[in-house]
Amino acid sequence: MRNTRKIVFVLFDGADLLDVTGPAAVFDAARDRDARADYRMSLCAKRKGPVRSSSGIALHADSDFARAPSAIHTLVVPGGLGLDEAMADAALLATIRRLAARAERVVSICTGAFLLAAAGLLDGRRATTHWRYANELARKFPALQVEPDAIHLRDGDIWTSAGVTAGMDLALALVEADHGQALALETARALVLYLKRPGGQSQFSVPLQAQSAEHATIERVRQAVLDRPGKAWTVQMLAERAAVSERHLRRLFQDELGMSPREFIHGTVMERAQRLLSDGDAQVAEIARRCGYGSSAAFIRRFQATLGVSPTDYRARFQSPAAGREERR
């Protein structure tokens, strides 16, 4: 017998196209491969008809919110460039709360987590979003615990995902939860996706560059560490370089970057390692030395623990074509 699961996507002007179509493609592919995966998808908005996405391509809402299915298995809330207006729409937030109350599980894609948080659905929960907006989510909604490195995350009946294509990773996880690993793996193969993407979000960002603090003191400290990444920096040494007290430096780092000076040092060294791996052809042992590690083994362990992938795997994914050509000569 079929187990019908009604999946409702919430649409609003400026929603990201891939936040909707990516997960929908996964559910559709699973249904094509196993009739028992009877996913029935519908798009709902304020009004039935076309809703313009952030790319300018319109999606067609099957119904307005008032006529959304009474029994919802999965409610999917996307993000997108129209997020600010959506968050200011009290009626939309109330609708999300109402639909979520009758859904078996609630899903956000990318910055859709902001809408779930604004609707009060993430209070006291763990959640993730695109790495670029993780600090903002944590700052605006202190009642939730943001995990910025997760590709996707489940907390009870609420699932959240990182940026855009991570919505497809999350959808595969939902297929696996519903119908088992075999169908999820077959679906992933059909779509040429990882079933479980190795590593976290940090492999796709330059960690400290993504956290755009503009304070001159932090920039001086940052430059000092970048100039001598192999130096055994301490908080005291950084404070002396910045001409401030250690206490002030710790408070400044926490306020500006949401991290300690020690975490900053480690992140800066990893940032340098990522650049050396992607932009050049130096051997891993040489990169370890340039980053202040006494052995390549210690460097590889730290890199793997921080980014979730080995230096070799990171280079294979992110090395620029020019660097790759130079290495093959």
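The values are calculated or read from the model by the stated rules, or taken from the named source; none is laboratory data. This is a predicted model, so every value here is computed, not measured. Note that we place each Cβ from the backbone using ideal geometry, even for glycine, and neighbour counts take in every protein chain shown.
Only one of these conditions is not met by Ala71: (1) among the small types (Gly, Ala, Ser); (2) over 23 Å from Val175 (Cα atoms); (3) surrounded by fewer than 14 Cβ atoms within 10 Å (Cβ to Cβ); (4) at pLDDT below 95. Which number is it? Evaluating Ala71 over (1) among the small types (Gly, Ala, Ser); (2) over 23 Å from Val175 (Cα atoms); (3) surrounded by fewer than 14 Cβ atoms within 10 Å (Cβ to Cβ); (4) at pLDDT below 95 leaves (2) as the failure. For the stretch 292-306, residues that are under 19 Å from Leu226 (Cα atoms), of a type outside the set (Lys, Arg) and within 27 Å of the chain's Cα centre (by Cα) total 3. Elements of the type strands (runs of 3 or more DSSP E) sitting completely within the stretch 49-88 and holding at least 3 residues that are out of contact with any Gly (no Cβ under 8 Å at 6 or more places or on another chain): these cover 49-52, 72-77.
Contact map, the stretch 94-118: residues that are closer than 16 Å to Asp19 by Cα and in the same structural domain as Ala166 (by TED's automatic domain parsing) paired with residues that are modelled with pLDDT of 95 or more and of a type in the set (Asp, Glu), Cβ distance under 6 Å, separation 6+ or inter-chain. Pairs shown: Ile109/Asp19; Cys110/Asp19.
Val77 passes every criterion in (1) surrounded by fewer than 18 Cβ atoms within 10 Å (Cβ to Cβ); (2) modelled with pLDDT of 95 or more apart from (1).
Is there a residue in the stretch 295-307 that is at pLDDT 85 or above, crowded, with 20+ Cβ neighbours inside 10 Å and out of contact with any Cys (no Cβ under 7 Å at 6 or more places or on another chain)?
Yes, that holds for at least one residue.
Just a yes or no: is a residue in the stretch 28-48 without any contact (Cβ under 8 Å) to a residue 60 or more places away in the chain and on the phi > 0 side of the Ramachandran plot? No: the stretch 28-48 contains no residue that is without any contact (Cβ under 8 Å) to a residue 60 or more places away in the chain and on the phi > 0 side of the Ramachandran plot. Return the pairs, sorted by first residue and then second, in which the second residue is at pLDDT 80 or above and of a type in the set (Ser, Thr, Tyr), the first residue lies in the stretch 244-264 and is under 17 Å from Arg139 (Cβ atoms), the beta carbons are less than 9 Å apart, and the residues are 6+ apart or on different chains. Listed pairs, sorted by first residue: Leu252/Thr217; Phe253/Ser260; Gln254/Ser260; Glu256/Thr217.
Of the helices (runs of 4 or more DSSP H) lying entirely inside the stretch 101-182, those carrying at least 1 residues that are surrounded by 21 or more Cβ atoms within 10 Å (Cβ to Cβ) and in contact with a Lys or Arg (Cβ under 9 Å, 6 or more places away or on another chain) are 112-118, 166-179. Across the stretch 47-58, the number of residues qualifying as within 26 Å of Thr4 (Cβ to Cβ) and surrounded by 18 or more Cβ atoms within 10 Å (Cβ to Cβ) comes to 1.
A quick yes/no check of all residues on (1) part of a helix (DSSP H, G or I); (2) within 30 Å of the chain's Cα centre (by Cα); (3) of a type outside the set (Lys, Arg):
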residue	(1), (2), (3)
Ile218	yes, yes, yes
Ala224	yes, yes, yes
Ala232	no, no, yes
Gln254	yes, yes, yes
Glu263	yes, yes, yes
His266	yes, yes, yes
Val269	yes, yes, yes
Arg275	yes, yes, no
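Of all residues assigned to the stretch 11-19, none qualifies as being at pLDDT 95 or above, of a type in the set (A, V, I, L, M, F, W, C), in contact with a Ser or Thr (Cβ under 6 Å, 6 or more places away or on another chain) and in a strand (DSSP E or B).
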